[in-house]
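Chemist: Handing you this structure, nothing more for now.
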Amino acid sequence: MAIYKNRTDLHMHTLSSFDGNFTAEQMCSAAVDAGLATIAFTDHFDVDFYEQQNLGTRQQTSYEDVTCAKEIFADKIRVLVGIEMGQPTYEPELTEKSLNRYKYDFVIGSIHNLRKTPDFCELDYKTLTQDDVYSLLDKYFEEELILAKWNGFDTLAHLTYPMRYIVQSGRFNTDLRRYDDITDEIFKVLISNGKALEINTSGLRQPIGKTMPTDNYVRRYRELGGELLTLGSDAHFTQHVGANIDDGYQIAESCGFEYVTYFKDRKPVQVKIEK
Ligand SMILES: [Zn+2]
Ligand SMILES: [Zn+2]
């Protein structure tokens, strides 16, 4: 049983994502079964892989399938039409053109890879030293700050994403406190721009065993004045729709948040956290 009322899960993928497995309708059905009140579909649009992933076509099928599912499930659940823009700052013109193609409710901003480099999930951590890992993270957090300043999204997704794979490799003992200044700067930019921070709960079902970012970052964002917070399971399978969202709510509450946020027509709507 869910602990919280009116729960939102604003991060999930359909077959239109290269790593998706189910249709928007199947995911909606799972969301209704999970008792969610609001969901957002956020298929991948990793702009620097536009050609390789045939994103022009994928974007169209995603938009059409999600819009169709939204109508079918209109009396059962609030469905928001979103997109996960990966690395938008690497190809700003293509990003802008693509975002203007459809009318989205919600845009996620993500960094999955450094420039001209594979996804952090594809790097061979066995060949890396701890110094190499820090040098990757130096660049990663710089890119996150550039992304935050770009400001073309509604929520900043899964901050600390590379840690999922760095921890999983089991080879390093990485201390992220050396990045506290830059993460503070990222949060200040989000706050002054009126953008949200995402708690991505997918890590809770993976070896890292933690949300991205972890609660200490959520607390710090709040301390600095952050008010907009989105929650997302990052489900790629029906069985993960809404997974660990209650844990996300618990973190939000324990960090001093009274509301979680969803976006409709790119505008934030605050939903009171209630049990
Ligand atoms: Zn992502
Ligand atoms: Zn995602």
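All of the numbers you see were taken from the coordinates with simple rules; none came from a lab. Computed from a predicted model, the values in this text were never measured in an experiment. Counting neighbours? That spans all protein chains shown, and the Cβs are built from the backbone with ideal geometry, glycine included.
Chemist: So, in segment 1-43, exactly how many residues are touching a residue at least 60 places away in the same chain (Cβ under 8 Å) and within 15 Å of ligand 1 (Cβ to nearest atom)?
Modeler: 10
Chemist: Please list, ordered by first then second residue, the pairs with beta carbon atoms under 8 Å, 6 or more apart or interchain, first in segment 110-132 and farther than 15 Å from Met163 by Cα, second surrounded by 12 or more Cβ atoms within 10 Å (Cβ to Cβ) and of a type in the set (Asp, Glu).
Modeler: Pairs found: Arg115/Asp48; Arg115/Glu143; Lys116/Asp48.
Chemist: Which of the residues that make up segment 242-275 are hydrophobic (A, V, I, L, M, F, W, C), more than 16 Å from ligand 1 (Cβ to nearest atom) and farther than 14 Å from Lys5 by Cβ?
Modeler: Matches in segment 242-275: Ile251, Cys255, Phe257, Phe263, Val269.
Chemist: In segment 34-48, is there at least one residue being in a loop (DSSP other than H, G, I, E, B) and within 16 Å of ligand 2 (Cβ to nearest atom)?
Modeler: no
Chemist: Within segment 56-84, track down each residue that is closer than 24 Å to Leu156 by Cα, surrounded by 18 or more Cβ atoms within 10 Å (Cβ to Cβ) and among the small types (Gly, Ala, Ser).
Modeler: Passing the criteria: Ser62, Gly82.
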